[in-house]
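*Asks:* Got a structure for you, written out below as structure tokens; questions coming shortly.
The values are calculated or read from the model by the stated rules, or taken from the named source; none is laboratory data. Source: prediction; values computed, not measured. Note that each Cβ is placed from the backbone with ideal geometry, even for glycine, and that neighbours are counted across all protein chains shown. Ligands, DNA and RNA are stripped out before the accessible areas are found, and what is left, the full protein with its side chains, is counted by its heavy atoms. Shrake-Rupley method; radii C 1.70, N 1.55, O 1.52, S 1.80 Å.
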Amino acid sequence: MLNCFRKPWFIKKNKKPRNNSSTSNCHVEDPLKASLSSITVCNFGSVPGSLIGNKKLLEERLKRYEDETDQINITSIDRVTYLRKKRENDVSKAIIDIEDSMNVNLCFVLDCTMSMEGHITAAKKHILEVANYVNNYNSNINLWVGFCGYRDYYNGSDRLQILDFTNSLEKFKTYITNNVRVMPNDDETEDVLGGLNAAITRMTWTYSTRIIIHIGDAPSHGRRYYTAAYDNYFAYDNYPEGDPNGLTAEYVLEKMQSKKILYYFGKINDSTNVMLDIFRETIGEFPVFDLKNAENNPEILVNKFCKATCSAIFSSLTLTTTLRNSKSIYSLQRKKLFINPHEPNWTILPKKKGELLCYASPKTLAEVKNGFYFINSSFTTKNITFKLAPEPFSVGAERYAYFAHETNFLRSNKLVIKKYQDVKTRTIERYLESVEISSVAYFLSTEFNKAAMRVGINKKVTFIDVKVLHNKEDNTYYSVENYLNNAKFKRFNVNSGLITEFHSILEAFAHFTYQYTEGYLVVYDLQGIDLNNELLLTDPAIHCVDLLRFGVTNLGKSGIQKCILANHKCNDICEKLKLSNVNLE
């Protein structure tokens, strides 16, 4: 394992570890249902600020669930039962939304002028390969594909060419083969906005997940869409003041947003750079696929098309099933415009004083199932000094991620600090929950690795250790983990059950967590780094039958059954581990 917190940091405990009797004293059949006033404080360690034991933590957790379910000041006598019922209703709606999101409208918008002949051929050839790959691992996805080709005003009635959505991939392939032809143009720019507008307004968008993959090698009409460096190249723009029908990027893309369509671009050369920057000003950041320098190698070009299309499908489904509404998706795209992927100049940043808080990880299945285990656990602490980048280098659905450095004497340790977007500055509970999720996943991965090694599987599944960092200077909290240098980060599967990059060990691990915990939970939403002898993972999610554990991403028994198990196909590792066939009730 790489240099993660779990091994290299030695922490002095403020309290002695809990013994078995203290664990049993804390356990109740339904701990959250107990009266707050009757909770026994069991060895709750030294915690900074005004945090007072498990009573405060439990109250913060219940209050957060009330906020997440849009309930304020619940007066019901049985507060916890009410929250559980409300969560069950919310989960039922989420499952319906997820199932609906698996129906996908996918439209290819292609420049069909002379220079694009190879790309049109690739669009035809790759679609069946994409469908086969998607179906092999995500048979619950239903693809409806369409085509919108654009040329220019010079081409008259052939300026636009449309095939509305069809679930017959053979029909799509045959249409492009027999009907789509490249044509010459009399200037260097193309009717980009007309093509996009036609795809948005003339296609029949009926399903929840809506995708445009736009591929072109020239910008739109109008000087604002290309740089001075290309003035000579685009000297023959017949409409330098812009689209003759009055279309603007803002008008077209705002209409695209109103129809909840996600946008992707296949980049062939740099002449489209300025146009894409203008697009970002309206819709935020969006993926751009590299299709450069492949025109003369059809096999490479088709392969790039396949990867781009699969990526667009899986990325869109991840967004729609995680964020569940277009407003949140577009908000996330706008936030991505303001991230800074580069490390700051550490020498000019001030040092901050902090304290690391660490749970005692569970050692038995009983402790994993005990909903009070983490609320009552002792903390261990360690004082550190650190520097924090002023801007995030990444942003996700829930958190910002920042570069940081631990700056203790004789050591400089590179860190990643994560901050929730919607958590009050001085609230610790949700950060402790992220440690709880990580600790449960880590315990189950160690049990999985033991079982795997016994049957000759030597590649390990490991979760990066997560701690809570308390900034003493302004009394704020973060989650923190070691930074992994030169690592290629991958997302393997998603909380909705979507498999974005199949890995037999990880799918078997999810199955293992279900069987080992006797159907109590499944660890999923697996992402991280694929090393030679180890899969090093971070930020998992947990589906658990107890809906008042593990946060809003926990979709309960329904999530286990309908999202994970329904899409699971046992592989050779499941067989070696003698995992039972999943029982869908």
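*Asks:* Applying a 10 Å radius around every beta-carbon, put 548-556, 158-166 in order of their mean neighbour count, most first.
*Replies:* Averaged packing, sorted descending, gives the order 548-556, 158-166.
*Asks:* Using only the Cα atoms of the stretch 365-442, build the gyration tensor, take square roots of its eigenvalues as a ≥ b ≥ c, and label the shape rounded, prolate or oblate: rounded if a/c is under 1.5, else prolate if a/b is larger than b/c, else oblate.
*Replies:* On the way: a/c = 2.21, a/b = 1.44, b/c = 1.54.
Oblate is the answer for the stretch 365-442, as a/c is 1.5 or above yet b/c matches or exceeds a/b.
*Asks:* Report in % the part of the accessible area of the chain that belongs to carbon and sulfur, leaving out ligands and nucleic acids; probe 1.4 Å.
*Replies:* Details: 12390 of 25510 Å².
Carbon with sulfur: 49 percent of the solvent-accessible area.
*Asks:* Less than 25 Å apart at the alpha-carbon level, and either on another chain or at least 8 residues along: which lysines does that give for K304?
*Replies:* Excluding near neighbours in sequence, the set is K124, K125, K171, K173, K267, K292, K336, K488, K490.
*Asks:* Now for a separate question. What is the calculated FRET efficiency for N136 to S311, with r their C-beta to C-beta distance and R₀ = 25 Å, to the nearest 0.05?
*Replies:* Working: r = 16 Å, r/R0 = 0.64.
My answer for the efficiency is 0.95.
*Asks:* Compute the projected area of the convex hull of the Cα atoms of the chain, averaged over all viewing directions, and report it in nm² to one decimal place. Kindly include the intermediate steps, with their values, before the conclusion.
*Replies:* Values: hull surface 117.8 nm².
The directionally averaged projection comes out at 29.5 nm².
*Asks:* So how do W144, W205 rank on accessible area, 1.4 Å probe, biggest first, that is with the largest at the start? Display every interim value, and only then the final one.
*Replies:* Values: W144 70, W205 25 Å².
Solvent-accessible surface, decreasing: W144, W205.
*Asks:* Given R₀ = 56 Å, what would the calculated FRET efficiency be for L365 paired with V288, taking r from the Cβ atoms and rounding to 0.05? Intermediate results must be reported in sequence, preceding the final value.
*Replies:* Details: r = 46 Å, r/R0 = 0.82.
Computed FRET efficiency for L365 and V288 comes out at 0.75.
*Asks:* For the stretch 208-223 and the stretch 368-445, what is the centre-to-centre distance using only Cα atoms, to the nearest Å?
*Replies:* Here the answer is 40 Å between Cα centres.
*Asks:* May I pose another question? Could you work out [θ]222 nm for the chain from helices alone, using -39500 (n - 2.57) per DSSP H run of at least four and dividing by all its residues? Round to the nearest 500 deg cm²/dmol.
*Replies:* Working: 15 runs with 198 residues, N = 585.
Only helices count here, giving -11000 deg cm²/dmol.
*Asks:* In whole angstrom, note down how far apart the Cα centers of the stretch 247-283 and the stretch 453-518 are.
*Replies:* What the calculation gives is 34 Å, centre to centre.
*Asks:* Rounded to the nearest 5, what is the percent of antiparallel bridges among the DSSP beta bridges in the chain?
*Replies:* Numbers: 52 of 84 bridges.
Of the beta bridges lying entirely in the chain, close to 60 percent run antiparallel.
*Asks:* Quick one: which residues, 5+ away or cross-chain, put their amide H under 5 Å from the amide H of N185? H built at 1.01 Å from N.
*Replies:* M114
*Asks:* Starting with the highest mean, order 393-401, 85-93 by the number of other Cβ atoms within 10 Å, averaged over the residues of each peptide.
*Replies:* Numbers: 393-401: 17.9, 85-93: 15.2.
My ranking of the peptides, most packed first, is 393-401, 85-93.
*Asks:* Sticking with this one: Set Lys and Arg Cβ to +1 and Asp and Glu Cβ to -1, take the dipole of the stretch 108-206 about its Cα centre, and tell me which of L196, V145, I162 lies farthest positive.
*Replies:* V145
*Asks:* Which lysines, on any chain, are close to K557 with Cα under 17 Å apart, when same-chain ones fewer than 8 places away are left out?
*Replies:* K85, K86, K93, K369
*Asks:* Based on the mean of other beta carbon atoms within 10 Å per residue, what is the order of 566-574, 131-139, 440-448, 376-384, most packed first? It would help to have the intermediate numbers written out before the result.
*Replies:* Working: 566-574: 17.0, 131-139: 15.3, 440-448: 22.3, 376-384: 19.7.
Taking the mean over residues of other Cβ atoms within 10 Å, the ranking is 440-448, 376-384, 566-574, 131-139.
*Asks:* Take the Cβ-Cβ distance between D78 and N269 as r, set R0 to 41 Å, and report the resulting FRET efficiency rounded to the nearest 0.05. List each step's numbers first, then the result.
*Replies:* On the way: r = 64 Å, r/R0 = 1.57.
After rounding to 0.05, the efficiency reads 0.05.
*Asks:* Cα gyration tensor of the stretch 188-330, axes a ≥ b ≥ c as square roots of the eigenvalues: rounded (a/c below 1.5), prolate (a/b > b/c) or oblate?
*Replies:* Details: a/c = 2.05, a/b = 1.26, b/c = 1.63.
Verdict is oblate for the stretch 188-330.
*Asks:* Counting only heavy atoms of protein chains, what accessible area per residue, in Å², does the chain have with a probe of 1.4 Å?
*Replies:* Per residue, the chain has 44 Å² of solvent-accessible surface.
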